[in-house]
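Worksheet: one structure, shown below.
Every number here is computed from the coordinates shown, using simple stated rules; none is lab data. Quick caveat: nothing in here was measured; it's all calculated off a predicted structure. Every residue, glycine as well, gets a Cβ built from its backbone with ideal geometry; the counts of neighbours run over all protein chains shown.
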Amino acid sequence: MRRTKIVATLGPASGSPEVIGSLLDAGTDVVRLGLAHGTPDEHLAAIDLVRELAAERGRLVGVLADLPGPKVRTGAFPEGGAFLAEGAEITLVAGEGASDERQIVVDEERLADTVVAGSTIVLGDGIVTLEVVAVDGATVRARVETGGRLQGRPGAHLPSDRWLPPVPTDHDLDLIDRVGRHADWVAVSFVRTPDELGKVRDALGPDGPCLMAKIETRAAVDHLDELLAAADGVMVARGDLGIDFPIEDVPHLQKHIIRASAALGLPVVTATQMLESMVTSPSPTRAEATDVANAVVDGTDALMLSAETAIGHDPALTVETMARIAARTEELDAISAGGDGRGLVAQRSPSTRAVTVAMAHAALRAADELDPAAIVCCTRTGSTARAMSALRPPGRLVGASPSPATARQLTLSWGVEPIEVDEYRTTDEMVRCVVDAAVHAGVVRPGDTIAVLAGAPDSPSRTTDVLRVVDVE
């Protein structure tokens, strides 16, 4: 049984009902919608379709809506692209219009104020690197440090310590209103401070989706602790991290972010180029397979596919391949397979979170001694199941919730098998509901022993304060 979750991005290659169905059958747990592409109506239709196809399969599948954030792009290059030769000097200007190998137009009006001599500008996700030589009024002169061919309207990555665009953008807020509220998770691009996350959470409303902070800039790394305290989950966005930091720092940053998230029990997604060669190839490179396995060993909750499933030649095969690698890694690696009790330290103050963490540790100890068929977490918000997930229990872990939204949000957490249950009013009624639902879902069978972890429904604090061992009849 694979515990590490898989996030697959929809795109031109995977928008049809047939392909989405094949992605779900291959093992996709969460579908990602890149809101930088497509229209709000198309995204809403995709959300409905994913949930319909999941329901047909008797499954819960989450939806992650990824906000575009501020994005600088160049003016269009001529058909066939333009090659920028290493050592060549070019100019960059702000505005609109076409670009070529001599002058690049950038749609950021503050371009000349954002860079200084010695600044680095990266084009096309790392294809071309420029070093600024001088800023003459509104014109930026630069030297090509790494050459390459640019086509279409590639992105331009400006120095994040000087380029400070508003987050969320007005476009983000419009997408939140039209699409984001209908998703289960919303990822915030280019976020740097908890205040920016707060603006998105305010826009989503008190009962909105879970909030994911994308860690992709130097500023986000510098404010990591504050962002983790304000977010419901995080994404290790290695593509932009590899632009803002030396490439040799990215592996360490990945491990650091995963460990920091683990200490708080936050689900973390590892993203970017995990099986990139499968965009065109039927099999990954050995290095890519090792990269996926290493992320599993690091303790990531989920692995994300982007271009591989959005524009790849066989999206379902890519998911199947990732699922096999993750499952085999969990089988052979004791840490990723569970039982190590990673991270998640209870705070000393008698907070709700501290009590939940302490009860999760108690459930883990009970599981070690009793070897139950499953630990079933009854949860309205998902916090109990996420706390249990963070401890990596060795057996099956069920997240049972009367909230369909909460159940779908738990599709992102390591090892959690989410199920919906009926509403309950008392502890006895709660236990009966979750046991019946677990049996109906085929998670447990009569004769099994399970551990039920929950907050008493009639408790005013709604704190996780019940641990009951139940023999399934």
_What distance in nm lies between label points placed 7 Å from Cα along the C-beta direction at residue 85 and residue 287?_
2.8
_Using only the alpha carbons of the range 82-157, what is the convex hull's orientation-averaged projected area in square nanometres?_
4.1
*Distance from a point 7 Å along Cα→Cβ of residue 48 to each backbone N in the range 6-35: keep the residues under 15 Å and list them by number.*
17
*Please give the length that would be gained between residue 149 and residue 441 if that part of the chain were fully extended, namely 0.36 nm times their separation in residues minus their C-alpha to C-alpha distance (nm, one decimal).*
99.9 nm
*Where in the range 75-89 does the amide nitrogen come within less than 17 Å of the point 7 Å from the Cα of residue 170, taken along Cα to Cβ?*
none
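Calculate for the chain the 222 nm mean residue ellipticity that helices alone would give, adding -39,500 (n - 2.57) per DSSP H run of length 4 or more and normalising by residue count, nearest 500 deg cm²/dmol.
Working: 17 runs with 171 residues, N = 473.
One gets -10500 deg cm²/dmol as the mean residue ellipticity at 222 nm.
With a ≥ b ≥ c taken as the square roots of the eigenvalues of the C-alpha gyration tensor of the range 126-224, please select rounded if a/c is under 1.5 and otherwise prolate if a/b is larger than b/c or oblate if it is not? Working shown, then result.
Numbers: a/c = 2.55, a/b = 2.16, b/c = 1.18.
Prolate is the answer for the range 126-224, as a/c is 1.5 or above and a/b outweighs b/c.
Assuming R0 = 41 Å, can you tell me the calculated FRET efficiency for the pair residue 259 and residue 109, based on Cβ-Cβ distance, to the nearest 0.05? Kindly include the intermediate steps, with their values, before the conclusion.
Values: r = 40 Å, r/R0 = 0.97.
My answer for the efficiency is 0.55.
Need the full-extension length gain, residue 98 to residue 354, defined as separation in residues times 0.36 nm minus the C-alpha distance. One decimal, nm. Mind showing how you got there, number by number?
Details: separation 256, 0.36 × 256 = 92.16 nm, distance 5.70 nm.
Extra length from residue 98 to residue 354 when fully extended: 86.5 nm.
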*Mind jotting down the distance between the C-alpha centroids of the range 85-127 and the range 142-208, whole Å?*
20
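By how many nm would the segment from residue 178 to residue 313 grow when fully extended, if each residue of separation counts as 0.36 nm and the alpha-carbon distance is taken off? If you can, show how the numbers build up before the last one.
On the way: separation 135, 0.36 × 135 = 48.60 nm, distance 3.06 nm.
Length gained, residue 178 through residue 313: 45.5 nm.
If you take the C-alpha gyration tensor of the chain, multiply each eigenvalue by 5 and take the square root, what semi-axes do you get, largest first, in whole Å? Provide the component values of the computation, followed by the final result.
Working: eigenvalues 367, 99, 83 Å².
Ellipsoid semi-axes (Å, largest first): 43, 22, 20.
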*Stokes-Einstein D for the range 126-179, Kirkwood Rh over Cα pairs, 20 °C, 1.002 mPa s (µm²/s)*: 151
_Check: the range 82-157 dipole with +1 on Lys, Arg Cβ and -1 on Asp, Glu Cβ, in debye_ = 120
_Explain nothing, just the number: dipole magnitude of the chain about its Cα centre with +1 on each Lys and Arg Cβ and -1 on each Asp and Glu Cβ, in debye rounded to the nearest 20._
840
*How big is D, in µm² s⁻¹, for the range 1-63 by Stokes-Einstein at 25 °C and 0.890 mPa s if Rh is the Kirkwood radius over C-alpha pairs?*
207
*Built amide H within the under 5 Å cut-off of residue 265, gap 5+*: 344
*Please pull out the direction-averaged projected area of the range 45-113, using the convex hull of its alpha-carbon atoms, in nm² to one decimal place.*
8.3
*Going by a ≥ b ≥ c, the root eigenvalues of the Cα gyration tensor, does the range 200-305 fall in the rounded group (a/c under 1.5), the prolate group (a/b larger than b/c) or the oblate group?*
prolate
_Under 5 Å between amide hydrogens, which residues at least 5 positions from residue 36 or on another chain qualify, with H placed 1.01 Å from N in the peptide plane?_
none
*Is the range 352-471 best put as rounded, prolate or oblate by its Cα gyration tensor, with a ≥ b ≥ c the root eigenvalues, rounded for a/c under 1.5, and otherwise prolate when a/b is larger than b/c, oblate when not?*
rounded
